[in-house]
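The values are calculated or read from the model by the stated rules, or taken from the named source; none is laboratory data. As the structure is a prediction and not an experimental result, all values here were calculated from the model. Counting neighbours? That spans all protein chains shown, and the Cβs are built from the backbone with ideal geometry, glycine included. In case anyone asks, the SASA skips ligands and DNA or RNA and just uses the protein heavy atoms, side chains included. Shrake-Rupley method; radii C 1.70, N 1.55, O 1.52, S 1.80 Å.
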Amino acid sequence: MSRIFCIANQKGGVGKTTTTVNLAAGLARLGRKVLVVDLDPQGNATMGSGIDKRTLDPSVYDVLLESASIVEARRPSPKGGYDVVGANRELAGAEVELVGVERRDRRLRSALAAVDEAYDFVLIDCPPSLSLLTLNGLACAHGVVVPMQCEYFALEGLSDLVNTIKQVHANINPQLEVIGILRVMFDSRITLQAQVSEQLKAHFGARVFDTVIPRNVRLAEAPSYGMPGLVFDPASKGALAFLDFAREMAARADARSVPA
Amino acid sequence: MNSAFAPGLLSRVEDAGINASAPREQLWVDGWLVRFSPGKAKRARCVQAVAAGRMSLDERLARCAAIYAGVGLPPYFRITPFSLPAGLDEQLAARGMARIDDTRVMVASLDADTAPAFVEEDGNLESMSFRAVDGDAFAEWIGLQRGSSAEARLAHAERIRHSPVRHRALCVLDPGGRPMAGGQVVVEGELAGLYDIFSVEAMRGRGLASALFRQLLRLAMADGARVAYLQVEASNAPARRVYERLGFADAYAYHYRSPPAA
């Protein structure tokens with residue numbers, strides 16, 4: 001059975017896509033079968049996995065409109081070791097086209113049910129908004145991973161996301177929960193970051209992942225080569241941190257899958 | 001049989017091993033499971049003598065012989081402590097069938113409390129790149145490594161594809177993405193069987209196989225396995241030592257009886 005996680009944060013540029021593709025590559029490196037679903041019309045997770053978003057046919061757009069299955073839409077990431085259901089600008093239209101259709105927030109959930117046996121993990125890269133696309137992701141996920149920069153305004157955006165998650169939990173998907181907060185682009189020398197990091201731990205306790213992803217130029221360079229940083233430069237500090245994070249995620253997910 | 005293990009556990013391990021190697025090519029003959037896959041693995045092309053049956057032994061043997069003659073394979077008999085009817089091994093010996101492939105089934109507990117050595121982090125893992133591969137690709141790769149014929153490789157792939165229990169194949173990749181070692185784990189309920197653990201000749205002695213082995217066990221534990229088993233040739237002392245270090249102990253032995261040389 002797949003464990004499905006949304007990588008979400010309402011703020012843009014916080015490292016959602018970097019987290020998605022590197023976590024996927026890290027889990028693949030541990031021998032897990034992973035599917036990435038790109039739900040962001042910018043298609044960054046698609047491109048960052050080495051798949052040209054301009055050549056997608058079908059894409060996640062077709063999956064949401066039920067004109068293609070996941071099996072038809074998925075493509076292997078050439079270097080990543082995982083599969084991708086890609087996105088491009090076409091996806092922005094789905095937002096409008098889905099309004100008024102039934103089960104509009106559960107399209108992805110139905111589609112993923114067909115590949116439940118094929119993957120250990122499904123990672124959904126959500127757009128930086130609480131849109132119908134994000135809702136489709138949240139409706140099918142077991143948990144949400146929230147990448148966060150330890151900066152002053154970081155906590156503000158978080159409360160909106162947490163409220164949305166509570167509503168989805170209450171109305172659509174009772175198994176949804178915040179699995180954890182991942183501190184990304186972290187620089188411990190900056191006093192403010194260390195302070196915010198402490199605040200996060202005080203507020204969210206065990207829901208803050210032990211692993212911290214440092215600010216690392218190799219992670220930032222990797223997407224232009226169409227690779228996750230973990231594949232582009234596996235020895236870099238950022239790559240090693242994501243491998244640790246993959247281990248931590250796998251351990252948390254495994255602990256949950258064992259019946260109490 | 002090792003009396004340290006509950007006999008009920010070992011008979012379930014034996015069943016799981018039979019299930020994990022199920023080919024499509026098999027027939028029941030009076031309580032015996034007669035398998036005739038054209039692959040390399042003997043367990044998928046032998047008689048699994050699992051029940052006492054009602055016919056005379058000679059009649060059963062004749063029926064098995066006819067099946068193997070029909071598909072052009074030699075008849076092998078797998079003899080375990082669970083084989084029936086009692087005395088079968090001696091009866092086959094008396095008919096001139098040779099004892100071959102003395103094998104040990106080794107078993108380990110995967111319960112976190114009883115502390116298996118393999119769940120501990122090992123530094124080796126840091127630098128290793130594992131990759132889940134599908135059954136077809138794995139069968140082709142390992143078949144080529146072992147010098148199996150195209151027919152045997154295809155039969156292995158078919159067996160994995162149609163298996164009643166899920167196979168997970170894992171490879172260790174070199175920086176260029178080529179497999180240096182590979183293996184499979186088959187989980188059925190709380191039991192995990194390890195199969196086809198293999199390192200490329202030039203890469204042996206670097207701990208690849210044992211790292212792979214540990215990773216397969218971690219996957220099995222994630223799938224809910226509590227007990228692991230494996231089959232190893234009795235004469236393969238180095239491998240048995242490695243498995244012992246990983247927490248495995250001899251549980252029972254089996255061998256084959258092969259037809260008299262023509």
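Quick rundown of the values:
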read-out: The lone exception for A:Pro147 - which of (1) closer than 23 Å to A:Pro41 by Cα; (2) in a loop (DSSP other than H, G, I, E, B) it fails; value: (2)
read-out: Unmet criterion (only one of (1) more than 22 Å from the chain's Cα centre (by Cα); (2) over 23 Å from B:Ala253 (Cα atoms)) for B:Tyr68; value: (1)
read-out: Within region A:34-73, tally of residues that are within 14 Å of chain B (Cβ to nearest Cβ) and surrounded by fewer than 22 Cβ atoms within 10 Å (Cβ to Cβ); value: 2
read-out: Residues (open to solvent by 40 Å² or more (accessible area, probe 1.4 Å) and under 22 Å from A:Leu27 (Cβ atoms)) located in region A:77-117; value: A:Pro78, A:Lys79, A:Arg109, A:Ala113, A:Ala114, A:Asp116, A:Glu117
read-out: Pairs, first under 21 Å from A:Val144 (Cα atoms) in region A:96-125, second surrounded by fewer than 17 Cβ atoms within 10 Å (Cβ to Cβ) and not β-branched (Val, Ile, Thr), C-beta under 6 Å, six or more apart; value: A:Asp116/A:Met1
read-out: Those residues of region B:218-240 which are open to solvent by 30 Å² or more (accessible area, probe 1.4 Å) and away from every other protein chain (no Cβ under 11 Å), in sequence order; value: B:Gln231, B:Glu233, B:Ser235, B:Asn236, B:Ala237, B:Pro238, B:Arg240
read-out: Residue match in region A:93-109 (condition: within 27 Å of A:Ala239 (Cβ to Cβ), out of contact with any helix residue (DSSP H, G or I) (no Cβ under 8 Å at 6 or more places or on another chain) and more than 14 Å from chain B (Cβ to nearest Cβ)); value: no
read-out: Exclusive hit being under 17 Å from B:Ser129 (Cβ atoms) and either open to solvent by 30 Å² or more (accessible area, probe 1.4 Å) or within 12 Å of another protein chain (Cβ to nearest Cβ) (or both), set B:Gly189, B:Gly205, B:Gly183; value: B:Gly183
read-out: Failed item in (1) within 28 Å of B:Leu173 (Cβ to Cβ); (2) out of contact with any helix residue (DSSP H, G or I) (no Cβ under 7 Å at 6 or more places or on another chain); (3) away from every other protein chain (no Cβ under 14 Å), with A:Arg89 passing the rest; value: (1)
read-out: Some residue of region B:200-221 being assigned to a strand (DSSP E or B) and under 18 Å from the mean Cα position of the chain (by Cα); value: no
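Here is a yes/no grid of residues against (1) open to solvent by 30 Å² or more (accessible area, probe 1.4 Å); (2) modelled with pLDDT under 90; (3) over 18 Å from the mean Cα position of the chain (by Cα):
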residue	(1), (2), (3)
A:Ser159	yes, yes, yes
A:Arg183	no, no, no
A:Ser188	yes, yes, yes
A:Arg207	yes, no, no
A:Thr211	no, no, no
A:Leu230	no, no, no
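Each row is one residue, and each column tells you yes or no for (1) surrounded by 19 or more Cβ atoms within 10 Å (Cβ to Cβ); (2) within 14 Å of chain A (Cβ to nearest Cβ); (3) without any contact (Cβ under 8 Å) to a residue 60 or more places away in the chain; (4) within 30 Å of B:Leu9 (Cα to Cα).
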site: B:Gly143; (1), (2), (3), (4): yes, no, no, no
site: B:Ser148; (1), (2), (3), (4): yes, no, no, no
site: B:Glu151; (1), (2), (3), (4): no, no, no, no
site: B:Arg178; (1), (2), (3), (4): no, yes, yes, no
site: B:Arg214; (1), (2), (3), (4): yes, yes, no, yes
